[in-house]
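Since the structure comes first, as structure tokens, the remarks are kept for the end.
Derivation of every value follows stated rules applied to the coordinates shown; laboratory data play no part. All values reported here derive from a predicted model rather than from experimental measurement. As a convention, Cβ positions derive from the backbone with ideal geometry for all residues, glycine included, and neighbour counts pool all protein chains shown.
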Amino acid sequence: MPEFTLTLVAEILLVALCLAGGGVLKGATGAGAPLLAVPAIAAMFDVRLAVMVMLVPNLVTNLWQAWRYRSEMPVRALMLPLVAGGIAGILLGTWALRDLPMTVLPLTVAVAVAGYIGLRLARPGWGLSLAQGIRYAFPAGLAAGLLQGATGISAPVSITFLSALRLGRVPFMAGISLFFCTFTAVQIPAFWAGGLMTGSGLLASACALIPITAAMPLGARLARHVSPATFERILLVLLGTLSAKLAIDALTALAA
């Protein structure tokens with residue numbers, strides 16, 4: 001077998017492994033598949049392909065997860081303004097923030113999330129009440145949407161906000177899935193309109209569903225044996241990883 005074919009097979013297996021790892025994390029926490037898959041695909045191919053490949057898995061898995069846990073969905077008074085803010089933020093972010101330096105917003109968010117993690121570790125009992133969450137839902141959704149539109153990453157804002165509400169594992173998963181599903185539903189037509197979605201890209205995106213969905217039940221089973229305190233630590237690790245990735249990418253771009 002030619003060397004380039006062996007290399008291609010190894011790259012495909014690595015991507016599949018990262019997708020499966022993301023599926024385990026998503027099954028356990030309700031989020032995290034793009035965290036492992038997008039950097040791996042972008043490192044071997046390019047960012048545009050990475051984002052395109054994750055569109056179908058993001059839409060399908062989040063839609064399924066939101067439907068599965070719909071009975072545990074956070075109250076409408078919280079979710080409606082959060083989702084509305086997210087939609088407005090994506091549209092504004094894609095249009096108004098496309099010309100801003102890509103290092104500014106990610107680095108700002110990375111510092112903010114790192115500060116939040118430090119606060120949670122220093123004051124574990126701190127959080128937002130439901131009334132405060134409802135009050136700040138639209139601005140939080142708008143900020144997450146702006147970040148998604150400008151950088152392609154919204155999780156630091158959305159996960160930070162929902163985890164601060166201490167909703168519990170299942171309501172958190174229901175809420176974050178609905179939020180991410182809405183984001184992807186807006187992004188897909190934007191990709192088509194912008195000529196970024198191709199037939200082969202759509203096929204690759206559909207194929208990415210296989211390792212992610214196959215691994216999600218394993219994550220769900222693992223989560224049933226994880227205490228709430230451990231679940232909290234997993235979320236903080238996820239946030240910390242997102243924050244570090246944003247900071248590293250921004251600083252690397254600044255140094256270039």
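In order along the range 167-175, phi translates into HN-Hα couplings of 6, x, 4, 5, x, 4, 4, 5, x Hz, rounded to whole numbers, per the Karplus curve 6.51 cos²θ - 1.76 cosθ + 1.60 with θ = phi - 60° and x for Gly and Pro.
As a proxy for reagent exposure, ranking 153, 248, 90 by other Cβ atoms within 10 Å from fewest up yields 248, 153, 90. Working note: Karplus 6.51/-1.76/1.60 with θ = phi - 60° gives the range 229-235 the couplings 5, 5, 4, 4, 5, 4, 4 Hz, where Gly and Pro are set to x. Among 48, 120, the order by Cβ neighbours within 10 angstrom, fewest to most, reads 48, 120. Relative to the Cα centre, the charge distribution of the chain, modelled as +1 at Lys and Arg Cβ and -1 at Asp and Glu Cβ, gives a dipole magnitude of about 900 debye.
Oblate is the label for the range 167-213. Its Cα gyration tensor axes, ordered a ≥ b ≥ c, give a/c of at least 1.5 and b/c at or above a/b. For the range 124-129, backbone phi angles converted through the Karplus equation (6.51, -1.76, 1.60; θ = phi - 60°) give residue-by-residue couplings of x, x, 6, x, 10, 6 Hz, Gly and Pro being listed as x. Ordered by the number of other Cβ atoms lying within 10 Å of each residue's own Cβ, fewest first, 176, 234 fall into the sequence 234, 176. The angle between the Cα long axis of helix 55-68 and the main principal axis of the chain comes to about 40°, on a 0 to 90 degree scale. Normalised by the number of residues in the chain, what is the relative contact order in percent for Cα pairs under 8 Å and 6+ residues apart? Relative contact order here is 36 percent. The alpha carbon gyration tensor of the range 166-256 gives principal lengths a ≥ b ≥ c with a/c of 1.5 or higher and a/b no greater than b/c, which makes the shape oblate. For the chain, the calculated P(r) over all alpha carbon pairs, in 5 Å bins from 0 to the bin holding the longest distance, is 1, 6, 13, 18, 20, 18, 13, 6, 3, 1, 0, 0, 0 percent.
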